[in-house]
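We did not get these values from a lab; they are worked out from the coordinates using the rules stated. Treat the numbers as computed from the prediction; the structure is a model and nothing was measured. Heads up, the Cβs are rebuilt from the backbone with ideal geometry, glycines too, and the neighbour counts pull from every protein chain shown.
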Amino acid sequence: MIGKSEITKREATMPERSRQIASAAPVVDIYENEDEILLYADMPGVKKEDVDIKIDNGNLAISGIRTLKTSGVVNWAEFGDLDYRRTFSVPQTIDVAKVNAELKDGVLRLHLPKSEAAKPRQIEIH
């Protein structure tokens, strides 16, 4: 067991590494019906206060940061802080005032309702 203590000991010649947050695009499913576009984004570990959603000039930007609180010396780390970012083009017919979002069980659910002018309507013949 001589080698065990050497694994966790930092050598004096090793430079101190600064932690950078990795970035990833969340996996997304998009559905459309007559009333709305519904977007599901998988963002596990992200809290709702760490999610940012912006719609501007036909662009939808979703971002969220997952931060993990740790204690002690890191011996091995594959699962850490992560910055989710994804951008989409959305039609101008989205009613931005009625857009709403919910985050549950790590899945962001974004409702993008269509404006009344964009919805299909039946024309009656007289």
Those residues of region 86-111 whose amide nitrogen sits under 16 Å from the label point placed on VAL27, 7 Å along Cα→Cβ: 105-109
Amide H partners (placed H, <5 Å) of VAL90, local residues excluded: ASN59, LEU60
